[in-house]
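To keep things clear, I will list the structure first and then write my remarks on it.
The values are calculated or read from the model by the stated rules, or taken from the named source; none is laboratory data. Everything quoted here is computed from the prediction, not taken from an experiment. Cβ placement follows ideal geometry from the backbone for every residue including glycine, while neighbour counts extend to all protein chains displayed. Quick note on the areas: whole protein, heavy atoms, side chains included, nothing else; ligands and nucleic acids left out. Shrake-Rupley method; radii C 1.70, N 1.55, O 1.52, S 1.80 Å.
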Amino acid sequence: MKTKKFLLGIIGIITGLVFLSPFYIIIVNAFKTKKELFQDTLGIPSSFRFENFIEAFNRLDFWKVFLNSLIITVGSIVLIVVFSAMAAWMLERTKTKMSGFIFFMLIAAMLIPFQAVMLPLVRLMGKLNMLNIPGLMFMYLGFGCSLSVFLYHGFVKGIPKELDEAATIDGCNKWQTFWYIIFPILKPITITVSILNTVWIWNDFLLPSLTINRPETHTIPLRTFFFFGEYTKQWHLALAGLTLTIIPVIIFYFIAQKHIIKSVTAGSIK
């Protein structure tokens, strides 16, 4: 038994080091000069150059692209949470063949790779004049709803239908029942859905690169590509910029992390 625990501990340590190694490489090299980075990628820098962060901050026009990323992420999360929660509630409460079919199609959509639909989608959105920030948020809604509806659906199963009936008896319509009775109960799973989608949307590069065609609406990951030219690759500045990029997500994650396992577990057993 002790040997088994020891081996599990060793495996856990090794796994943890594997997952932490990319963070180590990014953060350590963000403080190096370009020459040091290529000479010894894994080594500790001879002197910690905070100038890299200042230069990356200025070149990125960080506050502007940070605001763009924040608007896109928050707007997309609000759309995903509202529409997914309402859809999951109605699909779970409406026991018909049609609701079952719609739920199945939403889940099946998670199996479709984005690369298979990205070019027709971007072409269609261009024809509809829905590129840049509004169109990008609309597309995030479409791609984020499948998993979000699945998570909400499992959680809604644990909410007694008697609450809906009591609200109806008290004079609430469907809209009031959802907002005043159901949605507040969904707080734990809403936080989980928000975290999962925030990490994805905040760090996404591919979809913004296809839909954003104005420099003033660039996101942080898109603007970070500025450090990679045809003849020059400024990895030390790019890694400093990436470090600045991941800090807000890490802070948000640590603030809300306690709700993730709690809500996912609750949704899976209800």
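Observations on the structure shown:
- Counting residues in segment 144-165 that are open to solvent by 40 Å² or more (accessible area, probe 1.4 Å) and not in a helix (DSSP H, G or I) gives one or more.
- Between Ile181, Ile133, the distinction of being surrounded by 15 or more Cβ atoms within 10 Å (Cβ to Cβ) and touching a residue at least 24 places away in the same chain (Cβ under 8 Å) belongs to Ile133 only.
- For segment 1-45, the candidate set comprises residues that are assigned to a helix (DSSP H, G or I) and small (Gly, Ala, Ser); within that set, the residue that is least open to solvent (accessible area, probe 1.4 Å) is Ala30.
- Residue-level check: of (1) at pLDDT 85 or above; (2) surrounded by fewer than 17 Cβ atoms within 10 Å (Cβ to Cβ), Val193 misses just (2).
- Top-ranked residue in segment 187-222 [being within 10 Å of the chain's Cα centre (by Cα) and among the β-branched types (Val, Ile, Thr); ranked as nearest to Ile133 (Cα to Cα)]: Ile201
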